[in-house]
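To start, the structure under review is shown below, and the notes come after it.
The values are calculated or read from the model by the stated rules, or taken from the named source; none is laboratory data. Remember, predicted model here, so these are calculated numbers, not experimental data. Every residue, glycine as well, gets a Cβ built from its backbone with ideal geometry; the counts of neighbours run over all protein chains shown.
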Amino acid sequence: MDGARILHRIRHLGVISEDAPRLTRTYLTDTHRQANELVATWMREAGMAVRTDAVGNIIGRYEGRTPGLPALMIGSHLDTVRDAGKYDGMLGVVVGIECVAALHAEHERKGFAVEVVGFANEEGARFGATLTGSRAVAGTLDAAQLESRDAHGVTMAEAMRDFGLDPAKIGEAARRRNELLAYVEVHIEQGPVLEARDLSVGVVTAISGATRLMIELTGVAGHAGTVPMTQRHDALAAAAEAILTVERHCQGTAGLVGTVGRIEALPGAINVIPGVARFTIDIRAEQDADREAAVSRVTDDLIQIAERRRIGVDVKKLHEASSCLCAPPLMAALERAVDVIGGGKHFEALGLKPSFESMRLPSGAGHDAMAIAAITDVAMLFVRCKAGISHNPAESVSPADALTAAQTLRQFIRELRPPRRAAP
């Protein structure tokens, strides 16, 4: 296995873009097709049979000792945000191919099949709707997604037809529970924790649940020079206090984070007291109870702030998703693989410190694993990325860390044992 080859392939994928030299690759475009074709070539070289499913996912299958066995699914996404980095999503697909290539080179067949999937439209950069490919595989894709429109007014259904897919057949992408043994996703951490701990990889405990709110505060616009400070109904000043409330209530609880990512003040003139302020709140946590409690506290404080400042407040829920827990047996298996690859057992036998250790950490970002969890147990392996930067051209992963991720996944596959089937 070769970390340099993994990164070379990722760089090769990284030039397939709608607006080079920036990397942007969105759903149902020519770049989507080109990326699928390139990945399909690598899959075939690794000994896999390859197909494109009803929503545009590219799937390679390496059979087990006998054809038709349940599969360990390995995957991530091939689409990107706009002006993206090269590793988000792509690392997991290429590492999966690298592991299957190693099996094929050693003529090794397991008691299960291995499938590698390059999911379509995880990011939602073109149509807004996300996780299209993985939700279709899980059988949970809402057909309403097909009516989503891009910036040019093209619906997803129209784009599917132009791509050569039939929107009426999206159900054919769904997999049955008995077809899958488990799902594992390798992904850059998209955060700074592993780097701060000087660790190459980490085992994900859960994908955090999220609540997104839109807040509108309504005060009274007025002249900036003539309305006394004591008589103002300043919507933006209330918003500033509310933002600090979000920060205060999301500190001190492990895995809980809160963000105000967008704010607007109206009428937006330098010499006018803002009469309206709108802003978003994004609260995430590994434990749903922590997230729900934080949302409740923040909402209560927003109401109190508005009453004290004599302004109106409207709270709309834009999105809510429960946390996705990774399966403990799969987490333990990944940790054992990290221990073997990191030299833990070998070093301990010599009375020395391991070259690196495993750690557990939550994912604050969403992933395809969230959707696949509806039909099988899931696990995730995070890989260190430089400075924790993601969704940014500065994304960076070292060849050594890419190789460690591949070796860890290969060890996981080597030791994985399918459950015994009940006698007929």
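For the stretch 26-85, the candidate set comprises residues that are among the small types (Gly, Ala, Ser) and within 16 Å of Glu122 (Cα to Cα); within that set, the residue that is nearest to the chain's Cα centre (by Cα) is Ser76.
Has the stretch 20-38 got at least one residue that is touching a helix residue (DSSP H, G or I) at 6+ places or on another chain (Cβ under 6 Å), within 13 Å of Glu115 (Cα to Cα), in a loop (DSSP other than H, G, I, E, B) and not hydrophobic (A, V, I, L, M, F, W, C)? No, the conditions are met nowhere in the stretch 20-38. Residues satisfying the criterion are present in the stretch 42-56 (criterion: buried (at least 24 other Cβ atoms within 10 Å of the Cβ), out of contact with any Pro (no Cβ under 7 Å at 6 or more places or on another chain) and within 24 Å of His152 (Cβ to Cβ)).
Per-residue answers, yes or no, for (1) in contact with a strand residue (DSSP E or B) (Cβ under 8 Å, 6 or more places away or on another chain); (2) among the hydroxyl-bearing types (Ser, Thr, Tyr); (3) at pLDDT 95 or above:
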site	(1), (2), (3)
Ala210	yes, no, no
Leu236	yes, no, yes
Gly268	no, no, yes
Ala293	no, no, yes
Val298	yes, no, yes
Gln304	no, no, yes
Arg310	no, no, yes
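Among residues of the stretch 1-16 being touching a residue at least 24 places away in the same chain (Cβ under 8 Å) and within 15 Å of Gly89 (Cα to Cα), the one that is surrounded by the fewest Cβ atoms within 10 Å (Cβ to Cβ) is Arg11. Restricting attention to the stretch 300-317, the residues being more than 30 Å from Asp377 (Cβ to Cβ) and in contact (Cβ under 8 Å) with a residue 24 or more places away in the chain number 12. In the set Lys110, Lys86, only one residue is at pLDDT 95 or above, under 28 Å from Arg384 (Cα atoms), assigned by TED's automatic domain parsing to the domain that holds Thr404 and in a loop (DSSP other than H, G, I, E, B); that residue is Lys86. Can we say Ala168 is more than 15 Å from Leu28 (Cβ to Cβ) and out of contact with any strand residue (DSSP E or B) (no Cβ under 8 Å at 6 or more places or on another chain)? Yes.
Please enumerate the residues belonging to the stretch 58-102 that are among the basic types (Lys, Arg) and closer than 17 Å to Leu180 by Cβ. The one that is among the basic types (Lys, Arg) and closer than 17 Å to Leu180 by Cβ: Arg61. Against the test of being at pLDDT below 95, assigned by TED's automatic domain parsing to the domain that holds Val378 and within 19 Å of the chain's Cα centre (by Cα), the options Val193, Val184 yield a single qualifying residue, Val193.
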